[in-house]
Amino acid sequence: MSSIKALWGDRRAAAGLLILAALCVLGILAPLIAPADPVVQADVLRTRFLPPFAVGPDGTLHLLGTDRFGRDVLSRLVYGARISLAVGLLSVAVSVGLGTAIGLVSAYAGGLVERGLMSLTDAALAMPRLVLLLALVTLWEPSLILVVLVLGCTGWMGIARLTRAEVKGLMGRPFVAAARATGLGDFRLLQRHLLPNALTPVLVAAALGVGNAIMLEAGLSFLGLGIPPPSPSWGNMIAGGRDALVNAPWIVTFPGIMVVLAVVGCNLLGDGARDALDPTAR
Amino acid sequence: MIRLLGRRLALGLGIVLVVVTVTFLLVNLAPGDPARLWVAPGAGQAELETARRALGLDRPLLVRYLSWLTAFTRGDWGVSLVQQRPVLRVIADALPHTLVLTGASLLLTYIGGIAVGLIQAFRHRTAADTGLTVTTLIIYGMPAYWLAIMLVLVFSYAAARYGWPIWLRFPAMGVTSLDAEFLSPWGRFVDRMRHLALPLMTLAAIGIAGSARFIRGAVLDVKGLPFVRTARAKGAGRLAVALRHVLRNALLPVITLLGLSLPALFSGTVFVEVIFAWPGMGRVMVDAVGGRDYPVVMATTAIFAALVVIGNLLADMLYSVADPRVGSERE
């Protein structure tokens, strides 16, 4: 567990971890923290567009105001954290799975398999991701699972390249030859010796990937193509608040700040981890 | 060099082909029937069948794909289902707007990113460096559409409400004002620039934040090398060393950044165009996808893919110009 200690020693990584942990706690404890139900609306005409710190007709304090259906913005933000974090983590899990598998196989098999898989990676890398996302998500029925799969299947390329480079470097090392000399099969060798040693840069890339996925999910939801309403997602909250930008700017402002927080948290963790866990860092 | 260029071009064409093929499959396998756009509301099954046959949608997928591909490569891009205009016309109207926006923001991204990155690297571990690091980190974390909305809130609404001077007040949407036709040539130019301001500010701010982070690292890597110390020792000024010796060598990884940052720039453009009602490719694409305008979806996808490929190619070429060791020995 020395790597956790090393992470904690890096100021940026520690700050990133703290931010992300806070967001996770927010999401998990959403029912306890949220002062109101994020979906149910009360008497619309009297509760909508209440500014921050206003007290509603039923006596609840709306710390961050209400939206145009009279729903409490803070409550929706807190529940939105669940969706954003779930989409970020799950989709990156899909990319890491795909990416490490492709990277491992191509580095280990070499030859034609490697050339083929790497050309595939290059082609996928040149695809405009948003174009693909837009086409997929609009033409098929948007749902949480679709968004996760689509983000995951379009984000594995960097990880595949990283894994391949790492494993190629490791294969020439004596401990791999020693392990093979003890009669280890291909699968055990990959699983026990190559994968764990190649994992550090992959985890760094994964941390950065989570931030990217959160941003893209919010973007898709913003275009009305992500998580379908009424489920609160930071992206569709920004989209919903755009109509009332002049009269109720708080509806747009706060979910954006949440996205920034989440992305900054991931980037801090990723950058910090790269320096903290890399023994050759300056 | 020429051989390398040829190979890269062939590879790029292959990539564009893969992208349009994947898109074609996705679009055609998706639920929903484009023939519905061609029949009146309430039309029966018989009319729908007729329309489907007339549009060629009753043929097998492979046949449709091949006939679409041959037509597409011959320059026959079909007619937009929603706008009822030739797709080429739609693209020709939209593409210049996108190129102006992305081109200008790319230029600003580089100038601004290099300036900020240099300042940070040469003021390494000072308050200025820390401040700029935090600022770029936060701006880099902002979704383009949200930053765009915030800029509109400040420079359009707040500026109008509190009567800010005209040079701090920018229009929130469109490319020109309604009365642009009646302005003098100079007035028309100023009007266009004022409309460009907010979309450009959005894209450039995020671009500068991203590239400055990168350039700072690249400059720091070069700054400590012996030849820089030598240059200082022989009496070259600080600025001359920074620009002539450090920046030149730090630029290599920055060129790679050009190719890598293009897809992100284009996706940023899509959002920014939607917000600012900028009539470019991104808006055309979002509208086309929303309206199931299949010919336009295919065409915009192909063009975005081609732009990314060209950008990567350009970066590769620049790279081998900047560093002659690259290219000759590569594969």
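The values are calculated or read from the model by the stated rules, or taken from the named source; none is laboratory data. Just so we're clear, the structure is a prediction, and the values are computed from it rather than from any experiment. Using ideal geometry, Cβ is built from the backbone for each residue, glycine included, and neighbour counts are taken over all protein chains shown.
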Quick count over the stretch A:57-68, residues being under 16 Å from A:Val39 (Cα atoms), touching a helix residue (DSSP H, G or I) at 6+ places or on another chain (Cβ under 6 Å) and free of Cβ contacts under 8 Å to residues at least 60 places away in the same chain, is 1
Contact list please: Cβ distance under 7 Å, first residue in the stretch B:43-64 and at negative phi, second residue of a type in the set (Val, Ile, Thr), pairs at least six apart or on different chains. B:Glu47/B:Val39; B:Leu48/B:Val39; B:Ala51/B:Val39
Qualifying helices (runs of 4 or more DSSP H) (wholly inside the stretch B:218-331; at least 2 residues being surrounded by fewer than 21 Cβ atoms within 10 Å (Cβ to Cβ) and among the aliphatic types (A, V, I, L, M)): B:226-233, B:248-275, B:294-322
Considering the stretch B:100-115 alone, what residues qualify as being touching a residue at least 40 places away in the same chain (Cβ under 8 Å) and closer than 22 Å to B:Glu273 by Cβ? B:Val100, B:Leu101, B:Thr102, B:Ala104, B:Ser105, B:Leu106, B:Leu108, B:Thr109, B:Tyr110, B:Gly112
Here are some conditions: (1) without any contact (Cβ under 8 Å) to a residue 40 or more places away in the chain; (2) within 21 Å of B:Thr301 (Cα to Cα); (3) in a helix (DSSP H, G or I). B:Gly75 meets all but one. Which one does it not meet? (3)
Here is a list of conditions, (1) crowded, with 24+ Cβ neighbours inside 10 Å; (2) more than 8 Å from chain B (Cβ to nearest Cβ), and A:Phe254 meets all of them except one; can you say which number that is? (1)
Here are some conditions: (1) part of a helix (DSSP H, G or I); (2) touching a helix residue (DSSP H, G or I) at 6+ places or on another chain (Cβ under 7 Å); (3) not β-branched (Val, Ile, Thr). A:Pro196 meets all but one. Which one does it not meet? (2)
Within the stretch A:152-168, can one find any residue that is assigned to a loop (DSSP other than H, G, I, E, B) and modelled with pLDDT under 85? no
Kindly check whether there is at least one residue in the stretch B:158-177 that is buried (at least 17 other Cβ atoms within 10 Å of the Cβ), within 11 Å of chain A (Cβ to nearest Cβ) and farther than 25 Å from A:Cys266 by Cα. yes
When every residue in the stretch A:100-128 that is free of Cβ contacts under 8 Å to residues at least 24 places away in the same chain, of a type outside the set (A, V, I, L, M, F, W, C) and more than 14 Å from every other protein chain (Cβ to nearest Cβ) is compared, the one surrounded by the most Cβ atoms within 10 Å (Cβ to Cβ) is A:Gly110
Any chance the stretch B:182-190 includes a residue that's assigned to a loop (DSSP other than H, G, I, E, B) and more than 26 Å from A:Pro255 (Cβ to Cβ)? yes
Of the residues that make up the stretch B:84-94, is at least one hydrophobic (A, V, I, L, M, F, W, C) and over 30 Å from B:Val175 (Cβ atoms)? no
Considering only residues of the stretch B:78-135 that are assigned to a helix (DSSP H, G or I), closer than 22 Å to B:Arg283 by Cβ and among the polar types (S, T, N, Q), which is nearest to the chain's Cα centre (by Cα)? B:Thr102
Number of the condition not met by A:Glu141 [criteria: (1) away from chain B (no Cβ under 14 Å); (2) in a loop (DSSP other than H, G, I, E, B)]: (1)
Per the filter on the stretch A:235-250, residues within 15 Å of A:Asp72 (Cα to Cα) and surrounded by 22 or more Cβ atoms within 10 Å (Cβ to Cβ) are A:Asn236, A:Met237, A:Ile238, A:Gly240, A:Gly241
For the stretch A:223-257, give me each residue that is among the hydrophobic types (A, V, I, L, M, F, W, C), closer than 24 Å to A:Val131 by Cα and assigned to a loop (DSSP other than H, G, I, E, B). A:Leu223, A:Leu225, A:Ile227
Do you know which of the residues in the stretch A:232-247 that are within 11 Å of another protein chain (Cβ to nearest Cβ) and among the hydrophobic types (A, V, I, L, M, F, W, C) is farthest from B:Val270 (Cα to Cα)? A:Val246
Pick from the stretch B:286-302, criterion under 17 Å from the mean Cα position of the chain (by Cα) and more than 7 Å from chain A (Cβ to nearest Cβ), ranking: nearest to B:Val87 (Cα to Cα): B:Ala299
For A:Arg46, the lone unmet condition from (1) part of a helix (DSSP H, G or I); (2) surrounded by 20 or more Cβ atoms within 10 Å (Cβ to Cβ) is (2)
Out of the residues in the stretch B:9-27 meeting the condition of being within 11 Å of chain A (Cβ to nearest Cβ) and in contact (Cβ under 8 Å) with a residue 60 or more places away in the chain, tell me which one is nearest to A:Thr121 (Cα to Cα). B:Ile15
Count of the stretch B:116-136 residues which are hydrophobic (A, V, I, L, M, F, W, C), surrounded by fewer than 17 Cβ atoms within 10 Å (Cβ to Cβ) and touching a residue at least 60 places away in the same chain (Cβ under 8 Å): 0
Residue satisfying all of: in the stretch A:217-231; without any contact (Cβ under 8 Å) to a residue 24 or more places away in the chain and surrounded by fewer than 22 Cβ atoms within 10 Å (Cβ to Cβ); nearest to the other protein chains (Cβ to nearest Cβ) among these: A:Gly224
I'd like to verify a number: residues in the stretch B:29-62 that are assigned to a helix (DSSP H, G or I), more than 37 Å from the chain's Cα centre (by Cα) and loosely packed, with under 11 Cβ neighbours inside 10 Å, how many? 2
